[in-house]
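Working notes for the structure below.
The values are calculated or read from the model by the stated rules, or taken from the named source; none is laboratory data. Model, not experiment: these values are computed from the prediction. Heads up, the Cβs are rebuilt from the backbone with ideal geometry, glycines too, and the neighbour counts pull from every protein chain shown.
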């Protein structure tokens, strides 16, 4: 039986060849202001999406039940109005189903970076 090979990693993470973030050559005044604005917007957007996900997750049992009942109602409405060409109940039901699936995928699969 062969034993596993162990690799030693360097103790110091920074090399002299890699410029540091605080280096004068690496950061310019104009670039840092622009990156700070972008970072601020990304952080704000991340927190907003995270809060939406948090509240959806907290109220998901009730919202899931209400959304499922809405999809069933729209399906029955589409069946009832299937022979009436002026009412677009099938399109409305399809939109409700797609939105329910997107909402479910968002709640179940998304994990916010903000928290």
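Below, the figures for the structure above:
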item: Residues of segment 64-100 satisfying the condition of being loosely packed, with under 12 Cβ neighbours inside 10 Å and either closer than 30 Å to residue 48 by Cβ or touching a residue at least 40 places away in the same chain (Cβ under 8 Å) (or both); result: 65, 66, 69, 98
item: Qualifying residue in segment 73-81 (condition: at pLDDT 85 or above, more than 19 Å from residue 111 (Cβ to Cβ) and in a loop (DSSP other than H, G, I, E, B)); result: yes
item: Filter result (exposed (fewer than 13 other Cβ atoms within 10 Å of the Cβ) and either part of a helix (DSSP H, G or I) or in contact with a strand residue (DSSP E or B) (Cβ under 6 Å, 6 or more places away or on another chain) (or both)) within segment 101-115; result: 101, 102, 105, 108, 109
